[in-house]
1. For A:A320, work out the one condition from (1) away from chain B (no Cβ under 14 Å); (2) surrounded by 22 or more Cβ atoms within 10 Å (Cβ to Cβ); (3) under 30 Å from B:P328 (Cβ atoms) it doesn't fulfil.
2. Would you pick out the residues in the range B:11-42 that are over 30 Å from B:R303 (Cα atoms), in contact (Cβ under 8 Å) with a residue 60 or more places away in the chain and either in contact with an Asp or Glu (Cβ under 6 Å, 6 or more places away or on another chain) or open to solvent by less than 50 Å² (accessible area, probe 1.4 Å) (or both)?
3. Looking at (1) away from chain B (no Cβ under 12 Å); (2) open to solvent by 10 Å² or more (accessible area, probe 1.4 Å), find the lone condition where C:V179 falls short.
4. For the range B:204-238: of the residues being free of Cβ contacts under 8 Å to residues at least 24 places away in the same chain and open to solvent by 20 Å² or more (accessible area, probe 1.4 Å), which is nearest to B:A59 (Cα to Cα)?
5. Among the residues of the range C:98-127, write down those that are within 28 Å of C:T194 (Cα to Cα) and at the interface with chain B (Cβ under 7 Å from one of its Cβ atoms).
6. If we scan the range C:150-158, do we find a residue that is more than 14 Å from every other protein chain (Cβ to nearest Cβ), over 19 Å from B:R233 (Cβ atoms) and either in contact (Cβ under 8 Å) with a residue 24 or more places away in the chain or not in a helix (DSSP H, G or I) (or both)?
7. In this structure, is B:V259 at pLDDT 95 or above and at the interface with chain C (Cβ under 10 Å from one of its Cβ atoms)?
Amino acid sequence: MRPPFRVNPHTKNQLHRMRLFTAWLCCAVLLFAGRFAIGSEQNDLIDSLAEELRDRKTVAQAIDTIVSSSSEKKGEWLEFILEGKLYVRKSDNKVVSVVKSDGGFTLSAASNDEALGEAGKRDVSKIKINNKLRAKLRAALAQLALSNPDPEKRLEAVEQMLSKLDDDKAEAISKLSATESDPDVKEMMVLAGSVHALENGSKEEQLSAIASLGVNTRSIVSQRLQVLSESEDADIAAAAAESLEKIQKRISIFEKVETVLFGLSLGSVLAMAAIGLAITFGVMGVINMAHGEMIMLGAYCTWFLQYMIPGFIEYSLIVAIPLAFTVTFLVGMVIEFLVIRHLYGRPLETLLATFGISLLLQQSVRTLVSPQNVPVSNPSWLTGQIHIDPALSIAVNRLVIFFFCIAVFMVLMWLLRRTFFGLKVRAVSQNRQMARAMGAQSSRIDAMTFGLGAGIAGVAGVALSQLTNVGPNMGQAYIVDSFMVVVFGGVGNLWGTLLAGLSLGVANKFLEPWVGAVVAKILVLVFIILFIQRYPRGLFPQRGRAAGN
Amino acid sequence: MMGTLLRGDRGGQVLLTVLAICAVVMPMCNLMLPVEHPWHVSTYQLNLFGKYLCYALLAMSVDLVWGYMGFLSLGHGAFFGLGGYAMGMYLMRQIGDRGVYGNPELPDFMVFLNWESLPWYWWGFDFFPVALIAVFLVPGLLAFIFGWLAFRSRVNGVYLSIISQAMTYALMLAFFRNEFGFGGNNGLTDFKDILGFPISAQGTRVALFVASAVAVIAGYLLCRSIVQSRAGRVVVAIRDAEDRARFLGYRVESYQLLVLVISAMLAGLAGALYVPQVGIINPGEFSPLNSIEIVIWVAIGGRATLYGAVLGALLVSFSKSWFTAVLPDYWIFALGALFVLSTLLLPAGVAGITRRRVTST
Amino acid sequence: MNALTAKSDASTLLYMEDVTVSFDGFKAINQLNLYIEEGELRCIIGPNGAGKSTMMDIVTGKTRPDKGVVTFGGDIDLLALDEPEIATIGIGRKFQKPTVFEALTVFENLEVAVEGERSPGFNWRYGLSNLQKERIADVAEIIGLSDQLGAPAQILSHGQKQWLEIGMLLVQKPRLLLVDEPVAGMTHQEMDRTGELLVSLAGSHTVVVVEHDMDFVRSLDSRVTVLHQGSVLAEGSMTDIQANTEVKRVYLGE
């Protein structure tokens, strides 16, 4: 069995996504550099410049031509020249980019990336440049990236340059910042100037840069300040150290905020898994060990929908929610009708029978679908991050799931508190005989209530399909957790369930960095065991004489 | 003595007689009859049956707390597992330098993990008496702590069941960790010998089988001695009306604690006998599913009868073996159906059927 | 002040003073003063929610009051003891809903209740003494269940269960018997016998009866305490109580 607070695969996933993002950024700088030129016919320009490029005397001139051209590939070419990857094939004066392979080069055309096969070292000649040209190239490249018409791309370009600023780039940035219209980009450009000044400026410039950077939490700022704090100049060292301390304090606050947010999202998952159980156990006094399998069925509904209609992934979740609710609601009603109602007043027998049902459901899924996990895709509107500060960003899916949990909770509260159905549910739960005497069909209400609990679990399953692996065993891990949340919050108290879920999530996330995920999980379990033994009625107990009986 | 213990317990009398006969006859059929003989019992069969006897003892320990005391334990696998690990640790130490790494000081998995020295909690497990004490003491201690906390604050019913499941679940997570020092995922295995006898030799197998049968018989008598005493009546009284028993002046928690600790020790013994017969112990024994399977043995056999638990354990285990051999994919279906059907249709278990027949004739 | 000291003399067995307990702000017992004499038979009546059962819960240790003094036999502080301890010093309780041990036989029910050692170790090793067996036989005679000693308690009629529970109280040999609605669900014949039994117990035991059935209370001919909203509303003979205008107002809503 996997540990139930399954966050690791997800974090890994995120990391992966972030890495992709960075890679994409790099490409963006190169590719979009030449975007404002339209024609690909301009790409043949490079071959016409072959002669000039080969000649040391004319190469500078050729580079100028490239820079002033409108080719969409010019950024790439300049980059290649700078990296020494651009060659001219001697046989036909074709400009090629090369990748070194054993004993020779693999060529592709600079103009259109056409693969040109292998070539020997002697078949091509390198376009050679000197340091002066290098500086020029860097400046040109920076200029290119920074003059992208899309402000977001410009922002990315500046961000990208922050870690490898040199005089040329800094100069290009500072020139452009005067005319920059987008405030975010401008701010970033000023920041770049300050970062550059930290390293290369005069004492006054450095001091004023330290002051103007304030408590910026970018790692590059910290790195530079770290260097400066060991500076021989006492003033600078002191200013840098002070600034650094403030920044670190701020970062550590952000880390705590991030942990809380992570905890809240984990907690909302827990709470959502537990709310359905809180209804069946809290309202009906029935423990449903197949509750986890209702979650599993809900997740499989999402998968099924995506599997049947593959082109529909963007909207699949919106359809999956009512689908999962309906399916698990009906399954819940059937279970109630066939099994639970014959076992009222025998909670331990109910526990065993529903455990049997959970085995049957799991094995059915294994047999009918597959014993392996099934892939569930995330719609694009659920991916990505919201950046609040360089040191603080939130994954969109976690945020959505948190609010979704709150929404589900609110709907449920409304259903139980404000509707006639809710009134009947509460009446039956408080006094079965009396409710029956007053005309409530308690057997139908019981079936509906159980169905409701199962349905909420199904909806939770849809949400979980976006966070964890979907497989036949996925529900197992949630039953103990859900039960703990319900008991911790106080049986029969839905608010308690919500708060207990959220606080356990946060507690778990705070413990994790200290002791690791598994031990954190064990500690939380042990804590709840001790807590229940001290306060058997949970955080928010229902008090009074009736509670004792 | 035995007569008084089994007075009025028809099922128990039959069961213990059959067991005693098996314990004598089956080894004889194994050792004395040639392989071709139709009455020959193979060592494999004997070993399998010995394993089931361990399950029977485990089921009995669950029946004691569930049937008589009303505590539906979903965590008895933890006591079984701890007893098993205690025995496994002794068996590990007996390997000495015959492991893959040939390290005389450390078990293979510790060498693999680059551990420098034996952790303190492994000390003493070279000696059988120490291991034997641990077999009873460790599960007993866990039961005592668990019970002391739970019973004192009057946690009962479904709460107690789920907490017991959480207990075994937490232990499973812990034992899966390499740092915990019990072999992590793989557990303890590759045992060589026990008390100086090679563990897979025919004679050892027979001896372990006989030991298991004797343990079941002794465990049965011990449980009977509790349930047919006045204390046993008090325990049943507590099961049916805990508050009432308290107002009669009974310190309910001390009765519950006594029964739970004895039950845990029996489960530990079952685990200790099980491990040398199957040759491995791993954290899977702590999985909640294992614990809940024990409960179904008792439910099928019939609660609060003791012999029903033994019957149920043997019945379900044999059918599991049959199923997994013939229809491997359908065992889980069968198990799930057993849970549902036995609670709905057979609340008194198999023992209930036979008892009803006895009273009606 | 004088009245208080007069009442808390040496013959007071149960002494409750200024006892208050509230559940979620609702005061189930409000500054209750109650004094029960040694050997007395006392009836406690009152409308639903007057605090009768809560009062018993406090005496038997099930509920802890927020404030107040509860002592037993003059010097034992009941608030410092838990349920089993209170039971062992001689307070027995019969519940409103008859709770006998359904799975045990009549004899076993009495066996579990009979006065004697309560520790698990002792009861594991030893059976009943002859004295205890005699007491069980005697009480079985009194409660009219001698012929059904071997029958499981769950097959008894409602009235018989009430009697068995009273029998369990008797073998327990308490100094104070708290009897909550002893005749609920009984036939008139059974009620009469129960009344006789309770009256005969007074003197050698102290008996507190909580009851709704006014005819039954009248037949006991004892001192009556009326509880209302958690405090004593009136106390005296049944005739006095019936003449009391306050009581009439509470009961009849006049």
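The values are calculated or read from the model by the stated rules, or taken from the named source; none is laboratory data. Keep in mind it's a predicted model, so treat the numbers as computed, not measured. Methodologically, a virtual Cβ is constructed for each residue, glycine included, from the backbone with ideal geometry; neighbour enumeration extends over all protein chains shown. Each accessible area value is taken on the protein alone, full model and side chains, heavy atoms only, with ligands, DNA and RNA left out. Shrake-Rupley method; radii C 1.70, N 1.55, O 1.52, S 1.80 Å.
1. (3)
2. Within the range B:11-42, the first condition is being over 30 Å from B:R303 (Cα atoms), and the residues that meet it are B:27-42.
Subsequent filtering for residues that are in contact (Cβ under 8 Å) with a residue 60 or more places away in the chain retains B:27, B:30-31.
Once the filter is applied, which keeps residues that are over 30 Å from B:R303 (Cα atoms), in contact (Cβ under 8 Å) with a residue 60 or more places away in the chain and either in contact with an Asp or Glu (Cβ under 6 Å, 6 or more places away or on another chain) or open to solvent by less than 50 Å² (accessible area, probe 1.4 Å) (or both), the range B:11-42 yields B:P27, B:N30.
3. Just one mismatch for C:V179, condition (2).
4. The extreme case among them is B:A218.
5. Applying the first criterion (within 28 Å of C:T194 (Cα to Cα)) to the range C:98-127 yields C:98-116.
If the condition is that a residue be within 28 Å of C:T194 (Cα to Cα) and at the interface with chain B (Cβ under 7 Å from one of its Cβ atoms), then C:T99, C:F101, C:E102, C:A103, C:L104, C:E108, C:E111, C:V112, C:A113 are the ones that fit.
6. yes
7. yes
For (1) within 28 Å of B:S291 (Cα to Cα); (2) within 12 Å of another protein chain (Cβ to nearest Cβ), each residue gets a yes or a no:
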| position | (1), (2) |
| --- | --- |
| A:L277 | yes, yes |
| A:W303 | no, no |
| A:Q306 | no, no |
| A:I309 | no, no |
| A:F312 | no, no |
| A:Y315 | no, no |
| A:G332 | yes, no |
| A:L348 | yes, yes |
| A:L361 | yes, yes |
